[in-house]
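Trainee: Handing you this structure, nothing more for now.
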Amino acid sequence: MKIIETTNLTKFYGKNKGIEDVSLSINEGEIFGFIGPNGAGKSTTIRLLLSLIYPTSGKATIFGKNCFKYGHEIRNDIGYLPSEVFYYDKMRVKELLKYSASFYKGDHSKRIIELADIMELDLNRKIDELSYGNKKKVGIVQGLLHQPKLIILDEPTSGLDPLMQQKFFDLILEENKKGATVFFSSHILGEVQKLCNRVAIIREGHIVKIEDIKTLRNDNYKKVSIRTSNHNQKVFAIEGISNIEQVDGEINFFFNGDINVLLSLITKHKVNDVIIEEPTLEEIFMHYYK
Amino acid sequence: MNIILRELRASIKSMAIWCGVFTVLIFMYMSEFSAYANNEEMLAVLDGMPEAMLEAFQMNSFNLTTLTGFYGILFTYFILMLSIHAILKGNSIISKEERDRTVEFTLVLPIKRSKVVIGKLIAVIINCIIIDVFLYGIILFSIQSYLPEENFMEFLLLLFASTFIMQMLFLSLGIMFGCAMKQYKRSGYLGISIILISYVLSIVSGLSKKLEFLKYITPFKFFDTAVIKNEMALDWKYILISFTIIVICLTIGLITYKKRDLYI
C-alpha cells in the first residue's frame, strides 16, 4: 500500500497558483524528500495532505484513505512538524504536550519525557518564554509523541543548532527504522541528501522531477572545468553542455551525455588542466531551476 | 472534552474580569438606588422629563424608586454588555486559532473540525452561565437590605432567562462569523457593528409608533423588559424566533467551517 498518493493535486488561491498537477506516490518505510525554494508550493502540498486546506482539483490519499473525507482518522497516525511552530502561549510545555497527547489513544507520558530528554527540552517552561529553537523542540516532541506511522516535516531544522539538528536526524532515522514513513520538505539540500531515499523537486507549483537520490546525484551530470589558453568557449558547444561560463582562463560547464565525446573534444585542444567531478545536489538543483 | 476544559482554563482571566466589573457596577448602582428607594421627590423629577426621552430609555414603564423598576432599566444595559461579550467571545474563540496561527496545531490533531467548534461552543456557554450565576448572586447579595416587591424575584429570574437567550443568540452569531469568515479582523468588526446597530434600532423603535416594526428586526426588542414586567412571562413567539436564529447560525457556521480553507 502507498502511504501517500496524490493524483494531479491542484490548488489555486483565487487566481494565484499554489500547486498544479502534483502527483506523488510514497511507499511505506521511505524517507521522501521534497525540495524546492520558498514559495514553490511545499507547504501548500503539506497543508492539503493534512486537509487544512482543500484542493481545487485532484485527489490525495494517505494510508489509502481520502485525505479530505477521513482527515480526522488519518491524522491519528500522522506526526506533523510545521515550519513555524505556534502554540497556545499561556500554557506550559508540559500542559501543552499532555493536551496534545490526550487526543491520541494510549498513554504517551513516558514517551514525552524520553523525547524531551533527547531534545534537552525543559518541560516546565511557559510557551511564550521559549526561544524560536526551543519552540521547534516542543514541535518535535509534540509531533513524535504518539509514535506516528507517517511523519511530515516542513523545514524542520530551521532554528535548531547543528548539534540539535543531528539529534533530530538521529531521532527521525530511528523512527524510520521502526517503520515510520517520512515526508521531508526542505530547501536545504544537504539535509535531504543525508536522510532521504527519494526526492521530488518542486518548482513554481509543479513537480519537476522525482528521482532516487542516487540517480539524481549520478544522473550523468558532470561538472567540468577546463583551464586553457584557448579562450574561445564556443569550441565546447556540443550537445549535452549547459551552464557554460568563462572565468579568467577557466571554462566551467555541466555535461550530461557520452563522456567519450567530451574527452575526445578536450584532447583536440591544448589544455592546461581538466577537472571532471560529481556535481553536488545543490548544483544539480540549481540546474533544475535555471 | 479536553477542548472544553482547555478553553475554560484559558478564559478564567476574562471571566474574572467580567465578574469583577459586574460586582463594581452593582455596588455603584445600588448606592445610587439607596437615594432613589421610595423617594417621592425623585418620582416628581422623573415625571418632569420629556416624554420621548423617557420612552427611549424605558423610564416610562419603570418606576425607578422600586427594585423592580430599577433593575428593569439596569438590565437593558446588562443585556447589552453580555450580548457584546457573547458575540465577541463566540467570534474570537474560533478565529483566535487563525489569528494566533495555532490552527496548524489544533486542526492537525485527530479530531473533526465540527467537534472542535462544538467543544468551543460548549466552553463559551459554560462561560456565559458562570457569569450569569455570579451576577445573580451579586444582585441577591446587594438587595439584602431592601424589601423586594412581591413579584421581584420572579421578575429577576425572567430577566435572567431573557438575558441567557440573548447571549445564546449573539454567541451563535459570533460563532457563525468566526467560522465562516477567513479574515478574523473583519468578523470581529462585523460582530460589534451588528450589536450596535441592533441596539440603536431598539432605541429608535421606542421613539415613534411608525418605527415599531423595527422590533421584529432587533433582538434587543425581542424580550422588552417592560413587557416582561407587565406580562410576567417571556413571549413564546420570540423564544421561537431566537431558537430558529440560533439553529440557523450554528448550522451555517459548522458547515462553512468544515468546508473552508483555514487561514494560515
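The values are calculated or read from the model by the stated rules, or taken from the named source; none is laboratory data. This is a predicted model, so every value here is computed, not measured. Note that each Cβ is placed from the backbone with ideal geometry, even for glycine, and that neighbours are counted across all protein chains shown. These accessible areas exclude ligands, DNA and RNA; they are computed on the full protein's heavy atoms, side chains included. Shrake-Rupley method; radii C 1.70, N 1.55, O 1.52, S 1.80 Å.
Trainee: Six or more apart or on different chains, Cβ atoms under 8 Å: show the pairs whose first residue is in segment A:164-184 and on the phi > 0 side of the Ramachandran plot and whose second is open to solvent by 30 Å² or more (accessible area, probe 1.4 Å).
Mentor: These pairs meet every condition: A:179/A:28; A:179/A:29; A:179/A:149.
Trainee: Sticking with this structure for a sec: Looking at segment A:250-258, is at least one residue at pLDDT below 85, in a loop (DSSP other than H, G, I, E, B), over 30 Å from residue A:6 (Cα atoms) and open to solvent by less than 70 Å² (accessible area, probe 1.4 Å)?
Mentor: yes
Trainee: Report every pair of residues separated by at least 6 positions or lying on different chains whose Cβ atoms are under 8 Å apart, first residue within segment A:76-97 and more than 7 Å from chain B (Cβ to nearest Cβ), second assigned to a loop (DSSP other than H, G, I, E, B) and β-branched (Val, Ile, Thr).
Mentor: Taking only residues 6 or more apart or on different chains, the pairs are A:78/B:108.
Trainee: May I pose another question? Return yes or no: is residue B:99 within 12 Å of chain A (Cβ to nearest Cβ), closer than 30 Å to residue A:45 by Cβ and open to solvent by 40 Å² or more (accessible area, probe 1.4 Å)?
Mentor: yes
Trainee: Hand me the list of strands (runs of 3 or more DSSP E) wholly inside segment A:16-74 holding 3 or more residues that are open to solvent by 50 Å² or more (accessible area, probe 1.4 Å) and either farther than 22 Å from residue A:194 by Cβ or charged (D, E, K, R) (or both).
Mentor: Details: elements: A:16-27, A:31-35, A:57-62.
Output list reads A:16-27.
Trainee: Look through segment B:109-132, keep the residues that are open to solvent by less than 10 Å² (accessible area, probe 1.4 Å) and β-branched (Val, Ile, Thr), and return whichever of them is nearest to the other protein chains (Cβ to nearest Cβ).
Mentor: Here the answer is B:116.
Trainee: Follow-up question, since we're still on this one. On the basis of being surrounded by 13 or more Cβ atoms within 10 Å (Cβ to Cβ) and either touching a strand residue (DSSP E or B) at 6+ places or on another chain (Cβ under 7 Å) or modelled with pLDDT under 95 (or both), does residue B:135 make the cut?
Mentor: Numbers: surrounded by 13 or more Cβ atoms within 10 Å (Cβ to Cβ): yes; either touching a strand residue (DSSP E or B) at 6+ places or on another chain (Cβ under 7 Å) or modelled with pLDDT under 95 (or both): no.
Judged against the criteria, residue B:135 is not a match.
Trainee: Follow-up question, since we're still on this one. Do the conditions hold for residue B:250, that is, is it surrounded by 18 or more Cβ atoms within 10 Å (Cβ to Cβ) and either touching a Ser or Thr at 6+ places or on another chain (Cβ under 6 Å) or within 14 Å of chain A (Cβ to nearest Cβ) (or both)?
Mentor: Details: surrounded by 18 or more Cβ atoms within 10 Å (Cβ to Cβ): yes; either touching a Ser or Thr at 6+ places or on another chain (Cβ under 6 Å) or within 14 Å of chain A (Cβ to nearest Cβ) (or both): yes.
The answer is yes for residue B:250.
Trainee: Can I ask one more? May I ask you to verify whether residue B:199 is buried (at least 18 other Cβ atoms within 10 Å of the Cβ) and farther than 17 Å from residue B:251 by Cβ? So that I can check it myself, show each step before the final result.
Mentor: Working: buried (at least 18 other Cβ atoms within 10 Å of the Cβ): yes; farther than 17 Å from residue B:251 by Cβ: yes.
In short, yes.
Trainee: Here is a follow-up. Residues of segment A:104-136 being within 13 Å of chain B (Cβ to nearest Cβ) and surrounded by fewer than 16 Cβ atoms within 10 Å (Cβ to Cβ), which ones?
Mentor: Answer for segment A:104-136, where residues must be within 13 Å of chain B (Cβ to nearest Cβ) and surrounded by fewer than 16 Cβ atoms within 10 Å (Cβ to Cβ): A:105, A:106, A:128.
Trainee: Within segment B:29-78, can you find the residues that are open to solvent by 70 Å² or more (accessible area, probe 1.4 Å) and of a type in the set (A, V, I, L, M)?
Mentor: B:45, B:53
Trainee: Sticking with this one: Consider residue B:105 carefully, then state whether it is within 9 Å of chain A (Cβ to nearest Cβ) and part of a helix (DSSP H, G or I).
Mentor: Criteria met by residue B:105.
Trainee: Further, regarding this structure: Is it the case that segment B:80-91 has a residue that's open to solvent by 10 Å² or more (accessible area, probe 1.4 Å) and β-branched (Val, Ile, Thr)?
Mentor: Yes, some residue in segment B:80-91 is open to solvent by 10 Å² or more (accessible area, probe 1.4 Å) and β-branched (Val, Ile, Thr).
Trainee: Among (1) part of a loop (DSSP other than H, G, I, E, B); (2) open to solvent by less than 60 Å² (accessible area, probe 1.4 Å), where does residue B:263 come up short?
Mentor: It fails just one condition, (2).
Trainee: Identify, from the list B:204, B:247, B:200, the residue that is closer than 27 Å to residue B:52 by Cβ, over 16 Å from the mean Cα position of the chain (by Cα) and assigned to a helix (DSSP H, G or I).
Mentor: Values: B:247 fails: closer than 27 Å to residue B:52 by Cβ; B:200 fails: over 16 Å from the mean Cα position of the chain (by Cα).
Criteria check complete, one pass: B:204.
Trainee: Among the numbered criteria (1) over 29 Å from residue A:188 (Cα atoms); (2) exposed (fewer than 14 other Cβ atoms within 10 Å of the Cβ); (3) at pLDDT below 85, which one does residue A:261 miss?
Mentor: Failed condition: (3).
Trainee: Can you tell me which condition residue B:43 does not meet? The list is (1) within 14 Å of chain A (Cβ to nearest Cβ); (2) without any contact (Cβ under 8 Å) to a residue 24 or more places away in the chain; (3) not basic (Lys, Arg), and all the others hold.
Mentor: Here residue B:43 meets the rest and fails (1).
Trainee: A further question on this structure: Sort through B:189, B:257, B:184 and tell me the only one that's of a type outside the set (A, V, I, L, M, F, W, C), open to solvent by less than 50 Å² (accessible area, probe 1.4 Å) and within 25 Å of residue B:91 (Cα to Cα).
Mentor: B:257 is the lone residue from the list that is of a type outside the set (A, V, I, L, M, F, W, C), open to solvent by less than 50 Å² (accessible area, probe 1.4 Å) and within 25 Å of residue B:91 (Cα to Cα).
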